[in-house]
Amino acid sequence: MGSKRESNFLNMVLTLFLVAAIAALALGGVYVVTKAPIALAKKKKLEAAIKAVLPTFDSITTKMVANPNGGDSLTFYTASENDKVIGTAIKTSTMKGFSGKIELMVGFLNDGIINNTAVLTSKETPGLGDKMDIKKSDFPVQFEGKNPANFKLKVTKDGGDVDAITAATISSRAFCDAVETAYTTFESEKK
């Protein structure tokens, strides 16, 4: 039979340190192993969103554009087909969602018409606010083919042209805010 260690302050501190060190090494190892696959998955999701919001293209250029209303810069992905610009996908976001930050990809044709939208990240309430995703409802369809110059990017409750998601007005407003930010920045960049 092994002898039992004496329970004193030094032994408790050493044991706690050993347990914490093993846990930290395990956590660090998991981080290192999962870092590359997570980055690859995010890159593929971004590429899929760009393809979803723009017509077919053969090349793309990326640049950061300052938000004319202040706040974070937006990423512009300008798509070309046979060296002719066909549209721009804009990665935009808002902090006005019910559960915080919402990131969208909004595709604009050269004349400012919205080609399509895609949700990149959202933590909105399942079954309510998460219906802003095309996979879960037709909410985003109402933006397709619209020019924000004459289509008010506000919910009808606020005097706009957008039909809000039932029981998710805050999420609908946030979606509109992110699209409005993308459009404002797109128009500012054209000038």
### Message
Just to verify a result, which residue in the range 136-153, among those that are touching a residue at least 24 places away in the same chain (Cβ under 8 Å) and in contact with a Gly (Cβ under 8 Å, 6 or more places away or on another chain), is most open to solvent (accessible area, probe 1.4 Å)?
### Response
ALA149
### Task
Check the range 40-59 and report whether any residue there is assigned to a strand (DSSP E or B) and surrounded by 10 or more Cβ atoms within 10 Å (Cβ to Cβ).
yes
### Query
Since LYS4 meets every condition but one in (1) part of a helix (DSSP H, G or I); (2) open to solvent by 100 Å² or more (accessible area, probe 1.4 Å), which condition does it not meet?
(1)
### Query
Only one of ASN82, ASN67, ASN11 is open to solvent by less than 70 Å² (accessible area, probe 1.4 Å), over 27 Å from the mean Cα position of the chain (by Cα) and among the polar types (S, T, N, Q); which?
ASN11
### Query
Applying the selection to the range 50-62, what residues are within 17 Å of the chain's Cα centre (by Cα) and more than 17 Å from TYR183 (Cβ to Cβ)?
ILE50, LYS51, ALA52, THR62
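The values are calculated or read from the model by the stated rules, or taken from the named source; none is laboratory data. Fair warning: this is a prediction, and the values are worked out from it, not measured in the lab. Glycine also receives a Cβ, built like all others from the backbone with ideal geometry; neighbour counts cover every protein chain displayed. In case anyone asks, the SASA skips ligands and DNA or RNA and just uses the protein heavy atoms, side chains included. Shrake-Rupley method; radii C 1.70, N 1.55, O 1.52, S 1.80 Å.
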